[in-house]
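Asks: Mind looking over this structure? Questions follow.
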Amino acid sequence: ADPGVEGTYVPAGSPGGPVSAVPDGPHGAEGTLVTGERSFQLNPVTWEQLRTTAVTLRGDRPAPVVTRAEVAAFCRANLDDYWWPEFDRVRRRIADRADDEPVPSPVVEWLMLGPARLWHTVRTGEIVSKSRAGALMTDRWPDLAEAVRDTLAFRNGQDLPLFTRHVRTAMTFGERISADL
């Protein structure tokens, strides 16, 4: 099983229509579905997953309304508003660090594979797991594949230390993703 598989509980009768039509939950902001004590962001990517790949366990299959253009625009905005400023912050943090200095492996996984999923979705419309996105990055940029393989090995449960050099490779991937889009 792919460790990137995600699950979401959606109450019967929702969603339908565009993501903007979801009312606020009792403790949620616009675009947030609150189910008990749990909440998750509703956005065009969630809508597309529900529309295309969701498995309905009970009740009617959700019928959300979303376009590929809305999904791509959401992903681009996430890269522009969140990831690129975050990469700038990380670059400043690691500027003086040695390549062989250990870094928490989950941080590398997050930096390496999060933007990769968005990149693939913008280019193809397909929403993939982080593991699949990493494999696609190595196909596109094989010169950087070693760091991705290490990151995927960690993601798949290997107790593998990751280092500043892996973070620098993630930053390089970010630059290439930005140029590619």
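The values are calculated or read from the model by the stated rules, or taken from the named source; none is laboratory data. If you're wondering where the values come from, they're calculated on a predicted model, not measured in any experiment. For neighbour counting, all protein chains shown are included, and Cβ atoms are generated from backbone atoms with ideal geometry for every residue, glycine included. Surface accessibility is based on the protein's heavy atoms, side chains included, excluding ligands, DNA and RNA. Shrake-Rupley method; radii C 1.70, N 1.55, O 1.52, S 1.80 Å.
Asks: How far apart, in nm, are two points set 7 Å out from the Cα along the Cα-to-Cβ line at ASP80 and at ALA54?
Replies: Here the answer is 2.8 nm between the modelled labels.
Asks: Packing-wise, with mean Cβ within 10 Å as the measure, how do 133-146, 109-122 rank, highest first?
Replies: 109-122, 133-146
Asks: Take the solvent-accessible surface of the protein heavy atoms, probe 1.4 Å, and return the percent of it on region 129-181 that carbon and sulfur atoms account for.
Replies: The computed percentage sits at 45.
Asks: Taking the Cβ-Cβ separation of ARG92 and ALA179 as r and a Förster radius of 25 Å, what is the calculated FRET efficiency to the nearest 0.05?
Replies: According to the calculation, E is roughly 0.75.
Asks: Taking the mean number of other Cβ atoms within 10 Å as a proxy for protection, how do you rank 149-155, 69-75, 57-63 from highest to lowest?
Replies: Top of the packing list down: 149-155, 69-75, 57-63.
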